[in-house]
Amino acid sequence: MIGSGRVGLVTAAGLALAGHDVVAVDADEARIARLTDGQIDLHEAGLGDLVRAQLVARRLRFTHKTRPALRGADLVFVAVD
């Protein structure tokens, strides 16, 4: 998932819940650090718990490094503002 904002984060979390291994990429390294720590800054009911559960399950991870994230990807979504 390229982009971890309103659309990208919700989509990434939902795909992870469905059982997919998801890597979400964002250029904002501070945002990636917060998301990796399970800190969600969007006001979407249940999103924080969903993201934290998928982090624990290791189906969702975050990075600012695009090229490594794309290696081995079966599908790439672009969700940027």
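Name the single residue, out of those in segment 50-59 being touching a helix residue (DSSP H, G or I) at 6+ places or on another chain (Cβ under 8 Å) and assigned to a loop (DSSP other than H, G, I, E, B), that is least open to solvent (accessible area, probe 1.4 Å).
Checking each candidate, the answer is ALA57.
If we scan segment 27-49, do we find a residue that is touching a helix residue (DSSP H, G or I) at 6+ places or on another chain (Cβ under 6 Å), assigned to a helix (DSSP H, G or I) and crowded, with 17+ Cβ neighbours inside 10 Å?
Among the residues of segment 27-49, not one is touching a helix residue (DSSP H, G or I) at 6+ places or on another chain (Cβ under 6 Å), assigned to a helix (DSSP H, G or I) and crowded, with 17+ Cβ neighbours inside 10 Å, which makes the answer no.
Residues being without any contact (Cβ under 8 Å) to a residue 12 or more places away in the chain and open to solvent by less than 80 Å² (accessible area, probe 1.4 Å): count how many of those fall in segment 71-81.
Qualifying residue count for the region: 1.
Taking segment 2-20 on its own, how many of its residues are in a helix (DSSP H, G or I), of a type outside the set (Val, Ile, Thr) and at pLDDT 95 or above?
Counting residues in segment 2-20 that are in a helix (DSSP H, G or I), of a type outside the set (Val, Ile, Thr) and at pLDDT 95 or above gives 8.
Name the pairs whose Cβ atoms lie under 7 Å apart, with the first residue in segment 31-60 and closer than 12 Å to GLY14 by Cα, the second among the polar types (S, T, N, Q) and open to solvent by less than 40 Å² (accessible area, probe 1.4 Å), and 6 or more positions between them or separate chains?
So the pair list comes out as LEU60/GLN54.
The values are calculated or read from the model by the stated rules, or taken from the named source; none is laboratory data. Small disclaimer: the values here were computed from a predicted structure and weren't measured. Positions of Cβ are backbone-derived with ideal geometry, glycine not excepted, and every protein chain shown enters the neighbour counts. Ligands, DNA and RNA are stripped out before the accessible areas are found, and what is left, the full protein with its side chains, is counted by its heavy atoms. Shrake-Rupley method; radii C 1.70, N 1.55, O 1.52, S 1.80 Å.
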